[in-house]
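For reference, the structure is listed below as structure tokens.
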Amino acid sequence: MLLDGEAWANKFKTFQTEAWRLETLPQYLVPQEAEEFAAFKAGARFPGPYEDAWTALVRTRSVGRVHIVTRPLTDYLRFEFERYYQHQAPAGEDIRILDITDRPNPLPDVQDFWMFDRSTVVLMHYHPDGRQVSRELYDGGPAPFIEYQRIAVEASVPFLEYVRT
């Protein structure tokens, strides 16, 4: 079952204990970000902190993610770190970085996903360039994704620690 619109938004409104994401791509081409991303590449910066619906959510609910990266970071990753992560991590989102530049990826061939309450998994499908294709409600059990989360968290470091080094 594909999720879009209100069905997708409801996943973030109705989870009880935790929303968690694995990000595996070096860029995500999101139409809503195109203007800000172009401005960033032209030298604009994003002061903060700021408050929006996402930071309000992460202040009151358990939300986390691990992003798998390699250095040098892409322009998009540098944008994502500055535009979002540097503000969301202090607001309460558990953002972690798994840098595989000098080591094997502990999650090869695992695709992007969101997991809600360690019971509902949504597979995130993308074109190789980072354009989203679809979001699909996974119809199997969550056990492999719970294990992927464990591995990713164990092998990663908190975002704020990563950017300090």
Open item on the list: With the cut-off at 1.5 for a/c, could you classify segment 66-135 from its C-alpha gyration tensor as rounded, prolate or oblate?
Closed with: rounded
TODO: Taking 7 Å along the Cα-to-C-beta vector as the label spot, tell me the VAL163-MET1 distance in nanometres, rounded to one decimal.
DONE: 3.7 nm
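On the protein heavy atoms, probe 1.4 angstrom, tell me the percent of accessible surface of segment 44-165 carried by carbon and sulfur. Write out the running numbers ahead of the final one.
Numbers: 3290 of 6190 Å².
That fraction is 53 percent.
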Task: Global form of segment 19-93, assessed from the alpha-carbon gyration tensor, a/c cut-off 1.5 - done: oblate
Task: Shape category assigned to the chain from the gyration tensor of Cα positions, a/c cut at 1.5 - done: rounded
TODO: Taking amide H positions as placed in the peptide plane 1.01 Å from N, state which residues far from ASP99 in sequence (5 or more) or on other chains have amide H under 5 Å from it.
DONE: VAL69, VAL157
Open item on the list: What does the net charge come to around PRO47 if you take all other residues with beta carbon closer than 15 Å to its beta carbon, with K and R at +1 and D and E at -1?
Closed with: -2
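If contacts are Cα pairs under 8 angstrom and at least 6 residues apart, what is the relative contact order of segment 1-102 in percent? Write out the running numbers ahead of the final one.
Values: 101 pairs, mean separation 36.4, N = 102.
Relative contact order of segment 1-102: 36 percent.
Heavy atoms only, 1.4 Å probe, whole protein assembly: order VAL122, VAL110 by accessible area, highest first. Spell out each step's value before the answer.
Working: VAL122 0, VAL110 25 Å².
Most to least solvent-accessible, the answer reads VAL110, VAL122.
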Open item on the list: Tell me the mean residue ellipticity at 222 nm calculated for the chain from its helices only (DSSP H runs of n ≥ 4, each -39500 (n - 2.57), averaged over every residue, nearest 500).
Closed with: -9500 deg cm²/dmol
Open item on the list: Just to confirm a number: summing +1 for Lys and Arg and -1 for Asp and Glu over residues other than LEU73 whose beta-carbon lies under 12 angstrom from that of LEU73, what do you get?
Closed with: -2
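What are the GluC sites (Glu not before Pro) within segment 24-89 that DSSP puts in a loop, where the Cβ has at most 15 other Cβ atoms within 10 Å? Provide the component values of the computation, followed by the final result.
Details: sites: GLU33, GLU35, GLU36, GLU51, GLU80, GLU82; in loops: GLU51.
Sparse-neighbourhood loop GluC sites (Glu not before Pro): GLU51.
The values are calculated or read from the model by the stated rules, or taken from the named source; none is laboratory data. What you see is a predicted model; the values in this text were computed from it and never measured. As a convention, Cβ positions derive from the backbone with ideal geometry for all residues, glycine included, and neighbour counts pool all protein chains shown. Only protein heavy atoms, including side chains, enter the accessible area calculation; ligands, DNA and RNA are left aside. Shrake-Rupley method; radii C 1.70, N 1.55, O 1.52, S 1.80 Å.
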